[in-house]
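Working notes, beginning with the structure itself.
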Amino acid sequence: QAHAKVWHLYNDHFRPAQRGKVSIALSSHWIKPQRMTEKNIKECQKSLDFVLGWFAKPIFIDGDYPESMRSNLSSLLPEFSEAEKKYIKGTADFFALSFGATLSFQLLDSHMKFQQLESISLRQLLYWINSEYNNPQIFIVENSWFVSGTTKRDDAKYIYYLKKFIMETLKAIRYDGVNVFGYTVWSLLDGFEWHRGYSIRRGLFYVDFQSHDKKLMPKSSVLFYEKVIEKNGFPPSPENQPIEGIFPCGFAWGIVDNYIQVDMTPAQFLDSSVYVWDVHQTKKLIKVDGVYASNRKRHCVDFAAIRLQISLLQEMHVTHFHFSLKWSLILPLGNLSLINHTLVHYYQCFASELLRVNITPVVALWQPMIENQELPVSLAKYGAWENTETVQAFVEYARFCFTSLGDHVKFWITVNEPSVKNLTYTAGHNLLKAHAKVWHLYDKEFRRSQKGKISIALQADWVEPACPFSRSDQEVADRILEFDIGWLAEPIFGNGDYPEVMRAWLHRMNSADLYNFHLPYFSEDEKKLIQGSFDFFALSHYTTTLVGSEREDAVKYDHYLEVQMINDITWLHSPSRVAVVPWGLRKLLKWVKSKYGDVPVYVVANGIDDDQNMVHDKLRVYYIQNYINEALKAYTLDNVNLQGYFVYSFNDKTAPKYGLYSYVANQYEPKPSLKHYRKIIDNNGFPGPETPELLCPEEVASCPECHFFRTRKSLLAFISFIFVAFIVTIFVITYYSKRVERRYK
């Protein structure tokens with residue numbers, strides 16, 4: 001009644017002259033049902049009625065309280081007279097909304113939630129107000145998030161929640177037709193936050209409460225909000241717009257399967273037993289004891305599983321297929337004393353069948369997995385990569401693989417995606433030496449005859465400073481890149497030693513007696529051995545992470561590297577909460593070029609999980625489209641020497657939720673993402689009307705059986721000479737024989 005009287009006072013006596021607006025600012029939360037049942041939905045409506053509708057319905061609808069309040073509170077709720085209802089109704093020139101400053105985010109009385117779930121969806125609240133109160137003009141007069149009271153000026157968490165709220169407001173305007181005409185951040189500066197005291201901060205300006213002068217200092221959020229105001233929202237950035245263009249001739253379009261499906265069930269043709277068909281009684285084959293047919297040599301056609309996998313790969317139109325060998329199964333004892341020849345034959349057949357259909361096998365010698373790291377048990381049991389004997393065992397295993405499979409495999413990966421999160425410094429040290437020794441082994445003993453290439457594949461997710469305006473956040477991002485990628489990349493692709501940033505940081509931490517981590521040193525000979533042991537830079541990339549220097553969330557804070565992991569809640573996320581950030585791939589590829597020069601680069605794994613219950617994997621279609629387009633930008637605009645791109649993964653059977661083929665009831669079914677990827681492959685990128693046509697020479701189909709002849713050219717020349725001499729001799733003898741016959745006639 002007080003509000004209504006003031007509104008009428010202004011309306012009757014001041015509006016004609018002052019021409020202003022008057023309303024009441026109402027605070028609200030948003031609520032969503034525990035389960036989508038009619039009862040829960042009604043409870044959500046009741047929650048909003050009790051908090052927002054209590055004041056909003058009398059003013060914006062009919063002058064009376066919500067019916068849900070009347071039925072629940074009965075005589076406790078006062079009655080309005082008909083005159084009072086008419087007097088209160090319509091006493092607002094706009095709907096002034098406060099969201100997040102007081103009531104929202106766990107500050108609401110639990111009884112007001114009616115056992116439903118509180119949410120921070122400003123867009124849904126705006127849509128509800130629009131529908132409930134007849135499309136009023138809405139002015140958001142207070143909206144904010146908060147950060148820890150210990151956070152100083154790099155308030156990244158505040159920035160990303162502010163970004164979310166402003167974006168949701170924009171979506172409500174653009175997509176939902178909500179009439180929002182203003183937005184206000186809460187608050188200008190840090191202050192006393194009622195019952196939370198000084199334990200949190202909401203201000204755009206930092207205040208040191210312990211200082212005498214209480215000087216105001218702008219936070220990163222000020223710079224962010226200033227940019228939003230300057231641009232009046234979030235206009236598309238030119239660098240984030242898709243481009244048209246195509247990749248070079250011979251670009252490797254691939255698919256990944258960590259481990260191929262190995263089914264060594266013997267074919268019926270390998271059974272040497274003799275059977276009699278009982279046509280009169282059992283109608284079955286009866287084995288004849290003691291009678292055996294002659295054994296025949298195994299052939300690749302005996303493995304039925306290979307034909308199915310090859311046909312699925314052909315349907316994709318890929319040019320390359322990347323998979324890893326199982327060291328623990330090929331050499332169960334970790335040495336050549338016991339060899340699984342059947343499995344090796346299976347790999348030989350698989351690789352040769354790939355070549356037969358013009359798909360290049362890309363084979364990793366070893367990929368770490370959780371159980372035993374996929375090492376032979378004898379090696380895993382005695383220290384794994386902590387033990388230097390594993391290095392020599394890996395070299396001997398590699399030699400065996402090159403000898404057995406090298407005729408078919410020309411694209412090798414020594415170690416695929418070693419996880420630096422699970423690697424000790426000693427293990428990483430030995431891993432680098434093992435890789436380098438294997439590379440030199442191939443270079444000296446096999447490259448000339450097999451004519452292949454070999455390198456290591458590193459997992460390389462991009463790291464971005466959470467506050468783009470913060471120097472300290474940039475330093476943290478640079479440090480994490482060196483620890484995550486540079487640790488193994490710098491010795492191989494750089495100067496032969498670990499990044500200086502790593503050594504300096506570990507020295508600092510050890511000097512403070514906080515940790516005792518020892519990063520080993522390479523001898524000069526080892527540096528020479530490791531440096532340059534590559535033919536290309538292979539990387540796996542899946543997502544981008546934001547990092548900050550301010551400690552905000554203890555669960556996501558790394559004390560060892562003094563880094564806070566931050567989540568941009570406006571980013572698209574997969575069901576497993578992996579962020580979809582296409583531009584991170586382009587930044588990563590530019591970083592690799594700036595660090596290691598014009599090295600040939602292959603993105604050997606890039607993919608996202610999806611909801612297996614969904615018929616259409618729209619998220620993966622979006623992911624593949626935009627990540628490949630960012631790769632194209634790196635190639636065309638940044639001159640990155642990008643030579644291949646591989647999607648992860650082949651199918652859901654071997655990589656659940658990641659496959660381009662679903663696997664249900666023993667059947668493989670292509671997903672929409674497969675068809676989309678195939679279209680990109682067929683176009684070799686994203687050609688447009690003005691894209692010049694690229695004329696690529698036709699590739700000659702590879703011939704694995706030709707290796708025998710290629711390596712014996714001298715012998716072939718000698719045999720050819722003998723053959724030609726033989727033909728000439730036969731011709732001469734025949735010719736002169738006929739002449740002699742004519743003479744005698």
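The values are calculated or read from the model by the stated rules, or taken from the named source; none is laboratory data. Keep in mind that this is a model prediction, so the values were computed, not measured. Cβ: placed from backbone, ideal geometry, glycine included. Neighbour counts: every protein chain shown. Each accessible area value is taken on the protein alone, full model and side chains, heavy atoms only, with ligands, DNA and RNA left out. Shrake-Rupley method; radii C 1.70, N 1.55, O 1.52, S 1.80 Å.
For Val178, the test of being over 19 Å from Trp145 (Cα atoms), surrounded by 17 or more Cβ atoms within 10 Å (Cβ to Cβ) and not assigned by the TED database to the domain that holds Lys679 is passed. Number of residues in region 164-193 that are among the aromatic types (Phe, Trp, Tyr) and without any contact (Cβ under 8 Å) to a residue 24 or more places away in the chain equals 2. Scoring Ser148 on the criteria (1) open to solvent by 60 Å² or more (accessible area, probe 1.4 Å); (2) over 28 Å from the mean Cα position of the chain (by Cα) leaves a single failure, condition (1). Among residues of region 207-220 that are on the phi > 0 side of the Ramachandran plot, those with a Cβ under 9 angstrom from a residue that is of a type in the set (A, V, I, L, M, F, W, C), sequence gap 6+ or separate chain, pair up as Lys214/Val207.
Among the residues here, Lys679 does not qualify as open to solvent by 10 Å² or more (accessible area, probe 1.4 Å), closer than 23 Å to His322 by Cα and in a loop (DSSP other than H, G, I, E, B). Scoring Val621 on the criteria (1) part of a loop (DSSP other than H, G, I, E, B); (2) among the β-branched types (Val, Ile, Thr); (3) touching a Ser or Thr at 6+ places or on another chain (Cβ under 6 Å) leaves a single failure, condition (1).
Restrict the check to region 312-321 and report whether at least one residue is open to solvent by 10 Å² or more (accessible area, probe 1.4 Å), within 17 Å of Leu379 (Cα to Cα) and without any contact (Cβ under 8 Å) to a residue 60 or more places away in the chain. Looking through region 312-321, none of the residues is open to solvent by 10 Å² or more (accessible area, probe 1.4 Å), within 17 Å of Leu379 (Cα to Cα) and without any contact (Cβ under 8 Å) to a residue 60 or more places away in the chain.
If the condition is being in a helix (DSSP H, G or I) and either touching a helix residue (DSSP H, G or I) at 6+ places or on another chain (Cβ under 7 Å) or not assigned by the TED database to the domain that holds Lys21 (or both), then region 63-84 contributes Ser68, Met69. Filtering region 397-415 for residues that are more than 23 Å from Arg447 (Cα to Cα) and open to solvent by 10 Å² or more (accessible area, probe 1.4 Å) leaves an empty set. Taking region 146-174 as the range and being in contact with a strand residue (DSSP E or B) (Cβ under 8 Å, 6 or more places away or on another chain) and either outside the structural domain of Leu122 (by the TED database) or basic (Lys, Arg) (or both) as the test, the residues that pass are Lys152, Arg153, Lys157.
The helices (runs of 4 or more DSSP H) located wholly in region 427-499 that include 1 or more residues which are open to solvent by less than 10 Å² (accessible area, probe 1.4 Å) and at pLDDT 95 or above occupy 471-481, 487-493.
Scanning region 588-613 for residues being under 17 Å from Arg479 (Cα atoms), in contact with a strand residue (DSSP E or B) (Cβ under 6 Å, 6 or more places away or on another chain) and open to solvent by 20 Å² or more (accessible area, probe 1.4 Å) gives a total of 0.
Are any residues in region 336-372 touching a Pro at 6+ places or on another chain (Cβ under 8 Å) and assigned to a loop (DSSP other than H, G, I, E, B), and if so, which ones? Within region 336-372, Leu338, Asn340, Pro368 qualify.
In this structure, does Ser337 turn out to be under 30 Å from Asn684 (Cα atoms) and among the hydroxyl-bearing types (Ser, Thr, Tyr)? Spelling it out, it is not the case that Ser337 is under 30 Å from Asn684 (Cα atoms) and among the hydroxyl-bearing types (Ser, Thr, Tyr).
Considering only residues in region 6-46 that are charged (D, E, K, R) and touching a residue at least 40 places away in the same chain (Cβ under 8 Å), the one that is surrounded by the fewest Cβ atoms within 10 Å (Cβ to Cβ) turns out to be Lys21. Taking the criterion of being among the basic types (Lys, Arg) and not in a loop (DSSP other than H, G, I, E, B), the residues of region 10-57 that qualify are Arg15, Lys32, Lys39, Lys42, Lys46, Lys57.
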